[in-house]
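Some notes on the structure that comes next.
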Amino acid sequence: MTGTTRIPAAEISGFKGSLIKRFARRTLGQVPSSIGVYWHHPKVLMDMGSLGGKVQKWDRCDEQLKSYAHLAVASQVGCTWCLDYNYFQAHNRDLDLTKARDIPRWRESDLFSPLEREVLAYAEAMTETQPSVTDEMVASLRGRLGDAALVELTAVIAFANFTTRPNVALGIESDGFAAACGLAPLAPRSP
């Protein structure tokens, strides 16, 4: 982690805490600093984790598109923890890391297909403080993805906003997951 959280991490204790730490070490190689911050209110931590687990089981929209959308939200909001973790997850899921790495500068990059660009623009439009999604965006994506996949993509982007914004507000920053597995650093966000 590069900074200090705004709420110091609590000691992760008790039986449930032991299970969480064991699971985190097994799946991530370490206990993320965010868990200690959220441990001040274990029910919030568990409910957010439970919802995240359910989101990962949705299967009507392409995994790459959902991953790119989540990274676009994290980049726009400035959540370094989410950028790091989702880049790490893209690696673990064998997604296209060259594209994932370029998400922060997707508008200038020539790596993305027209559909991927539409998804990234949609993710950013949903993330604006005053959402700027247009009828044309929805109609185009609906035609290209279908109703079920568009509903899922929209919910994934909403979930990304649900997870990135509290991390930024609480000062939770990158834990270095991507660097630990030797991934090239993410491209810097374009102004």
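For Lys21, list the aspartates and glutamates whose Cα falls under 16 Å from its own Cα; do not include residues on the same chain fewer than 8 positions away.
Leaving aside aspartates and glutamates fewer than 8 places away in the same chain, those within reach of Lys21 are Glu11, Asp175.
Taking the Cα centre as origin and putting +1 on Lys and Arg beta-carbons and -1 on Asp and Glu beta-carbons, what dipole magnitude results for the chain, to the nearest 20 debye?
Approximately 760 debye in magnitude.
Relative contact order (percent) for the chain, with alpha-carbon contacts under 8 angstrom and 6 or more residues of separation?
It comes to 34 percent, rounded to a whole number.
From the phi of every residue in region 53-64, what ³J(HN,Hα) in whole Hz does the Karplus formula 6.51 cos²θ - 1.76 cosθ + 1.60 yield, where θ is phi - 60° and glycine or proline is x?
With coefficients 6.51, -1.76 and 1.60, one gets x, 5, 4, 5, 8, 5, 9, 8, 10, 3, 4, 5 Hz.
Can you bin region 128-170 into rounded, prolate or oblate? Criterion: square roots of the alpha carbon gyration tensor eigenvalues sorted a ≥ b ≥ c, rounded for a/c under 1.5, prolate for a/b above b/c, oblate for the rest.
Verdict is oblate for region 128-170.
Go through Lys66/Lys99; Lys43/Lys66; Lys16/Lys54; Lys16/Lys43 and tell me which ones have a Cα-Cα distance over 23 Å in this structure.
Lys43/Lys66
How much length would be gained if the chain were fully extended between Arg165 and His41, taking 0.36 nm per residue of separation minus their Cα-Cα distance, in nm to one decimal?
42.9 nm
Using the Karplus curve 6.51 cos²θ - 1.76 cosθ + 1.60 with θ = phi - 60°, what ³J(HN,Hα) values do you get for each residue of region 164-174, in whole Hz, with x for Gly and Pro?
6, 5, x, 4, 5, 4, 8, x, 7, 10, 3
If the chain were replaced by its equivalent ellipsoid, with semi-axes equal to the square roots of 5 times the Cα gyration tensor eigenvalues, what would those be, largest first, whole Å?
So the equivalent ellipsoid measures 29, 18, 16 Å along its semi-axes.
If the chain between Thr129 and Ala148 were fully stretched, how many nm would it gain, using 0.36 nm times the residue separation less the Cα-Cα distance?
Going from the current span to full extension adds 4.3 nm.
Between Ser18 and Asp110, what length in nm is gained on full extension when 0.36 nm per residue of separation is reduced by their alpha carbon distance?
Roughly 28.6 nm would be gained on extension.
Would you kindly compute the Cα radius of gyration of region 146-191 and its largest Cα-Cα separation (Dmax), both in Å?
Here Rg and the maximum Cα pair distance are 14.7, 38 Å.
Counting other C-beta atoms within 10 Å, and keeping those with at most 13, which DSSP coil GluC sites (Glu not before Pro) do you find in region 75-143?
Loop-located and lightly packed - Glu108, Glu128.
In deg cm²/dmol, rounded to 500, what helix-only [θ] at 222 nm does the chain give when every DSSP H run of at least 4 residues adds -39500 (n - 2.57) and the total is split over its residues?
That comes out to -20500 deg cm²/dmol.
List the Cys residues of the chain that have no partner Cys with a C-beta closer than 4.7 Å.
By the Cβ distance rule, which asks for a partner under 4.7 Å, the isolated cysteines are Cys61, Cys181.
We did not get these values from a lab; they are worked out from the coordinates using the rules stated. What you see is a predicted model; the values in this text were computed from it and never measured. Counting neighbours? That spans all protein chains shown, and the Cβs are built from the backbone with ideal geometry, glycine included.
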